[in-house]
Amino acid sequence: MSQFSFPFETTLQNLYSFGIQVLNTKDTDEKVKLSFQAQQLYEEGKISVRPLDRNEMFRVRPPNVPARPDNVTIVPPKQLHKRGSGTVENRAALIHSICHMESYAIDLSWDIICRFAILDYLPDEFLIDWFYVALDECRHFKMLSKRLTELGSFYGQFPSHGGLWSAATATQNDVMLRLCILHTVHEARGLDMTPNNIRKLREAKDFESADVLSVILEEEISHVQKGVKWFKFCCAHAIREERRKNREEQNFVHVGNDMLTTTTNEQEVSEDLIRQRFHHLVRNHTTTGVLRPPFNHEARLKAGFTKDWYEPLIPEANVASTTNEETQANEEVIH
C-alpha cells in the first residue's frame, strides 16, 4: 500500500485526491484497487470531481514522476527482450511489454486529471472522461496481468523502458501538448500496431492472448476519440485567448474621443486551423517531427482521427511504400 498521506483532512473525498493517492502508490494492483474504489464512490454520488476547496489542488500537486513498482526494471530500449511470438517466452515478453504500457496508461490518465484540474476553463466533463479512461486502463492491465500468469510469467519478469513518462514530463506544463503527443499520437499508434500483434499471436495459436488484445483494441478507440475531442476544445480555447489578447493590445481604433474595437469574431475557430496547430506541435515536439505508416485508418476514423489530421505529417518518400516504415513504427510503439 502507499505510504503517502495528505497534509490536510479532506482525503479521498473527490477524484482529484484519489488521483494523487494513485500517483503516489507504487504497486500497480493497488493503483487499480484505488481506481475502482473511486469509481464506486463517484457513481454512488459520495465524492465530487474536484475538491470543494479549490486551494486544495494548489496545496497538493501530483508528483513529477509517479511511484512505480519496485520489481520492474527500467532499461534503455535497446536492452529490451526481443519480442517475437514463436515461443511461450517471446509471447510472454510481448504481453509483458503491453502490460507495462497499460500500467503507465493508468498513471497518465490520473496525471492529466490531477495536473490540469486547476485550469478553470476545463469543465468537470474533461476530468470525468479521463477518469473513465483510467478505469479502462485498469481493466486492461488486469486482463494482461492475468494472461501473463497463464503464460507462466508475471509483471516485472522482463525489463521495460520508461520512455512513455519522458513524454509526460516534456508535456507537463501544457495540456494541449499533452493531449497532442500522448493522447492522440501515441494512443493512435497503439491502434496501428495492435492488429499486427493480434495476427502474430493467432498464427502462433495463442488465441487467448489475441482475444485479450482484440478487446483492448476496440476500447482504445474511444481513448483516441477523447484525445481528439479535448485537443480540439483546448486548442480552440488557446486560439480564442490569443485573439482576445491581440485585440486588446493592437486592434483598437480611435475615432475622435471614442475608442472602438474591431468586430473580429473571436469565438469561431475552424477545424482547419486546429489541425494546423496539431501539425505544428507534432513537427516541433516529437523526435522525428513526422508520422510513419502503417496506419489503422478504420480505427482512426472511428475515433474521429481522420486522414487530414495525420497524412500531412507523412514524409513524401513514405507515402507510396510502407514496408520499411512498418518495422520502424513497430519499434516506436514497443520501445
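The values are calculated or read from the model by the stated rules, or taken from the named source; none is laboratory data. Note that the coordinates shown come from a computational prediction; the quantities given were computed from them, not determined experimentally. Counting neighbours? That spans all protein chains shown, and the Cβs are built from the backbone with ideal geometry, glycine included.
Descriptive notes on the structure:
- Test for S166: is it of a type in the set (S, T, N, Q), in contact (Cβ under 8 Å) with a residue 40 or more places away in the chain and assigned to a helix (DSSP H, G or I): no
- The range 167-204, subset crowded, with 21+ Cβ neighbours inside 10 Å and of a type in the set (D, E), residue farthest from N64 (Cα to Cα): D192
- Given (1) of a type outside the set (F, W, Y); (2) on the phi < 0 side of the Ramachandran plot; (3) not assigned by TED's automatic domain parsing to the domain that holds L281, number of the condition G152 does not satisfy: (2)
- Failed criterion for S109 (all others in (1) touching a residue at least 60 places away in the same chain (Cβ under 8 Å); (2) surrounded by 16 or more Cβ atoms within 10 Å (Cβ to Cβ) hold): (1)
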